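The values are calculated or read from the model by the stated rules, or taken from the named source; none is laboratory data. Small disclaimer: the values here were computed from a predicted structure and weren't measured. Glycine also receives a Cβ, built like all others from the backbone with ideal geometry; neighbour counts cover every protein chain displayed. With ligands, DNA and RNA removed, areas are computed over all heavy atoms of the protein, side chains included. Shrake-Rupley method; radii C 1.70, N 1.55, O 1.52, S 1.80 Å.
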Amino acid sequence: MFDTRITRLLGIDYPVVQGGMQWVARAELVAAVSNAGGLGILSALTQPTPNDLAAEIERTKSLTKKPFGVNLTILPTIKPVPYADYARVIIEGGVKVVETAGNNPQEYIRRFKEAGIVCIHKATAVRHCVKAEKVGCDIVSVDGFECAGHPGEDDVPGLVLLPRAAEESSIQILASGGIGDGRGLAAALALGAEGVNMGTRFLATVEAPIHHNVKEHMVRASERDTALLFRTLQNTSRVFRNDITAQVLAIEARPGQTDFNELAPLVSGQRGRLVWQDGDIHHGTWSCGQVVGLIKDIPT
């Protein structure tokens, strides 16, 4: 067992948090992580409606008696998302930890804190860490440039970002991005974090509810097998390199402003979801961090 401020606050044995990954962070993975002594986190928006999230929270409770959390990612969308209803379900479900990401979560943090919920916010820059502390977050999950998904636009890797965040904020820090084994945990603690948040590493586990073919491709991949999309749109996203990413990068390389409408059919979330479901790694884009180069097995 470890003893850090993170383990004490979250009530867990090891300072390891599982990322709230879209389509993947469902009850079976979340419960497995929590039962093993870490903190599993459900993805709220993987569930189509707030009522579906309520059912998934109950399903998770049936699989573990340990603490677990819920991720609520707040982003502009074409179709309005009932974020307030998702937040209500989280509170009514007795969830002990919430991880927010995306836009400023201030209005939801107030409600969560009133309900006695520990609040984590994902940040990709020191200024975002400072803001998270000001709006009442208990923990900030600091995403370095190595991370899967959205690393921000500053391109600062964890080796620099973590100690800078520790210098500028007093709340507890989770290191996120580039963490995949005990060496990464030790390094994160040395750099000022008190725990780690892992997403990509948890994809390549027995309990992750994705096709085994995807996991096998991750084991064979190197640290060079990710690509950065949407740089021309100032909305950078790190994904696994495949046929679709080659098409997207070719469009972005053209002179002039990139038209997202041209990219949208290639990068839709539903195409990415089918990658997880059917195992065709070239069908859509799917988030993956550079730490994939350190993944050599598919353990429980």
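Taking max minus min of the alpha-carbon positions on each principal axis, the range 1-144 gives extents of 40, 34, 29 Å, largest first. Shown for the range 1-142: lysine pairs separated by 8 or more places, or found on different chains, whose C-alpha atoms are under 23 Å apart, numbering 16.
Each part reduced to its alpha carbon centroid, the range 144-189 and the range 120-135 end up 13 Å apart. Packing, taken as the mean count of other beta carbons within 10 Å per residue, orders the peptides 138-145, 153-160 from highest to lowest as 138-145, 153-160. Calculated translational diffusion coefficient of the range 152-300 (4 °C, 1.567 mPa s; Stokes-Einstein with Kirkwood radius over alpha-carbon pairs) equals 78 µm²/s.
Here's how it looks for Ser141: its modeled amide H is under 5 Å from those of His121, Lys122, Ala123, Leu174, which are all 5 or more places away or on a different chain.
By the rule of a C-alpha distance below 20 Å, with chain neighbours fewer than 8 residues away ignored, the lysines paired with Lys215 are Lys296.
Under 5 Å between amide hydrogens, built in the peptide plane, is the criterion, and for Gly195 it picks out Ala175 among residues at least 5 positions away or on other chains. Diagonalising the gyration tensor over the Cα atoms of the range 84-194 and scaling each eigenvalue by 5 before taking the square root yields semi-axes of 25, 14, 13 Å, largest first. Taken over the chain, the percentage of Cα pairs per 10 Å bin, counting from 0 up to the bin with the maximum distance, is 6, 29, 38, 23, 3, 0.
Which order do Lys296, Lys65, Lys215 take when ranked by solvent-accessible area (1.4 Å probe, heavy atoms of all protein chains), largest first?
On the way: Lys296 135, Lys65 185, Lys215 10 Å².
Sorted descending by solvent-accessible area, the residues read Lys65, Lys296, Lys215.
When the inverse distances between all different Cα atoms of the range 97-138 are averaged and flipped, the Kirkwood radius reads 10.1 angstrom. Inverting the pair-averaged 1/r between distinct Cα atoms of the range 5-64 gives 11.6 Å as its Kirkwood hydrodynamic radius. Over what distance in Å are the Cα centres of the range 13-33 and the range 254-298 separated? The distance from the Cα centre of the range 13-33 to that of the range 254-298 comes to 21 Å. Using a probe of 1.4 Å, the accessible surface attributed to Glu58 totals some 100 Å² when neighbouring protein chains are kept in position. Simple point charges give the picture: +1 on the Cβ of Lys and Arg, -1 on the Cβ of Asp and Glu, and for the range 220-262 a dipole about the Cα centre of about 180 debye.
Of the residues Leu42, Leu294, the one with the largest accessible area comes first in the ranking Leu294, Leu42, computed with a 1.4 Å probe on protein heavy atoms. Over the range 236-300, Cα pairs under 8 Å with separation of 6+ residues give a relative contact order of 41 percent. Shape annotation for the range 218-280: C-alpha extents along the principal axes are 37, 25, 17 Å, from largest to smallest. Based on alpha-carbon positions alone, could you give the equivalent ellipsoid semi-axes of the range 37-87 from the gyration tensor, as √(5λ), descending, whole Å? That gives 23, 12, 7 Å for the three semi-axes.
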